[in-house]
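Chemist: Below are the structure tokens for one structure; questions will follow.
The values are calculated or read from the model by the stated rules, or taken from the named source; none is laboratory data. Since this is a predicted model, take the numbers as computed values, not measurements. A quick note on method: Cβ atoms are made from the backbone with ideal geometry, for glycine too, and the neighbour counts reach across all protein chains shown. These accessible areas exclude ligands, DNA and RNA; they are computed on the full protein's heavy atoms, side chains included. Shrake-Rupley method; radii C 1.70, N 1.55, O 1.52, S 1.80 Å.
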Amino acid sequence: TFLVFLGKQGYSKASIVRKLITLRSFYKFCLHRGHVKVHPFIGIKIPRLEKCQPKFLEMEEIGKLLNAPNDDCLLGARDRAMLEVLSSTGVRISELVNINCDDVDFTAQLIRIRVEGKKQRTTPIGATVISAIQKYLKHRSGDPHNPRFNQKVLFLNKYGQRLSTRNVRRKFEGYLNQAGLDSTISPHI
């Protein structure tokens, strides 16, 4: 009766399975403690869930997204460099905004990523990413506001400070729309 009720309420299969597992565990606990004499969920089978394929972008879609920013200006070059780093390394936005200029090794084509806590990892980057970052830094050095910029940080907002994750997400969604792609795609995809 409970399963039928959940189905009529519109719960997904995954939610129903989660509730069944929770109740089965609860009654196992109650049986062990002597609160109940019979385990009512013993005979109920938990339905199997289908494995879902992860979302991803095709190469053509990635190309459209990378070409969306106009990299002839400072902010467009910055955005192109950010998209190149995101697509080639798979970093999360929080990791992207924490990249500093000295984290990029142009000669070895490596980028140091700071993850949660004080952990770090080094990720290889290709010539296209290097080129995009160098183009952005060239635009940045030519900006008359450059002396006021935070020189330590790689990706800066228009005021010369570290970008926020919210700002990057907003930019990413805008470029998805501009490229005609599904706006529900996350940067990590």
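Chemist: Count, please, the residues in the stretch 143-162 that happen to be farther than 16 Å from residue 103 by Cα and open to solvent by less than 40 Å² (accessible area, probe 1.4 Å).
Modeler: Matching residues across the stretch 143-162 total 5.
Chemist: Taking the stretch 98-129 only, how many residues are touching an Asp or Glu at 6+ places or on another chain (Cβ under 9 Å) and in a helix (DSSP H, G or I)?
Modeler: 2
Chemist: Tell me which residues, restricted to the stretch 12-38, are in a loop (DSSP other than H, G, I, E, B) and either open to solvent by 100 Å² or more (accessible area, probe 1.4 Å) or at positive phi (or both).
Modeler: Filtering the stretch 12-38 for residues in a loop (DSSP other than H, G, I, E, B) gives 12, 34-38.
Of everything in the stretch 12-38, those that are in a loop (DSSP other than H, G, I, E, B) and either open to solvent by 100 Å² or more (accessible area, probe 1.4 Å) or at positive phi (or both) turn out to be 34, 35, 37, 38.
Chemist: Name the single residue, out of those in the stretch 39-81 being among the acidic types (Asp, Glu) and open to solvent by less than 50 Å² (accessible area, probe 1.4 Å), that is modelled with the lowest pLDDT.
Modeler: That would be 71.
Chemist: In the stretch 140-189, which residues are in contact with an Asp or Glu (Cβ under 8 Å, 6 or more places away or on another chain) and of a type outside the set (Phe, Trp, Tyr)?
Modeler: 152, 154, 171, 176, 179, 181, 183
Chemist: Also, quick follow-up: Could we say that residue 185 is modelled with pLDDT under 90 and among the β-branched types (Val, Ile, Thr) here?
Modeler: Criteria met by residue 185.
Chemist: Assess whether residue 174 counts as being on the phi > 0 side of the Ramachandran plot and either surrounded by fewer than 16 Cβ atoms within 10 Å (Cβ to Cβ) or not in a loop (DSSP other than H, G, I, E, B) (or both).
Modeler: The answer is no for residue 174.
Chemist: Kindly establish whether residue 135 is within 26 Å of residue 60 (Cα to Cα), open to solvent by 60 Å² or more (accessible area, probe 1.4 Å), within 18 Å of the chain's Cα centre (by Cα) and in contact (Cβ under 8 Å) with a residue 60 or more places away in the chain.
Modeler: no
Chemist: Continuing with the same structure: For the stretch 96-119, which residues satisfy the criterion of being open to solvent by less than 50 Å² (accessible area, probe 1.4 Å) and either under 18 Å from residue 170 (Cβ atoms) or hydroxyl-bearing (Ser, Thr, Tyr) (or both)?
Modeler: Correct list: 96, 97.
For every residue, the table says whether it meets (1) under 22 Å from residue 177 (Cβ atoms); (2) of a type in the set (Gly, Ala, Ser).
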| position | (1), (2) |
| --- | --- |
| 47 | no, no |
| 59 | yes, no |
| 64 | yes, no |
| 70 | yes, no |
| 77 | yes, yes |
| 85 | yes, no |
| 95 | no, no |
| 102 | no, no |
| 112 | no, no |
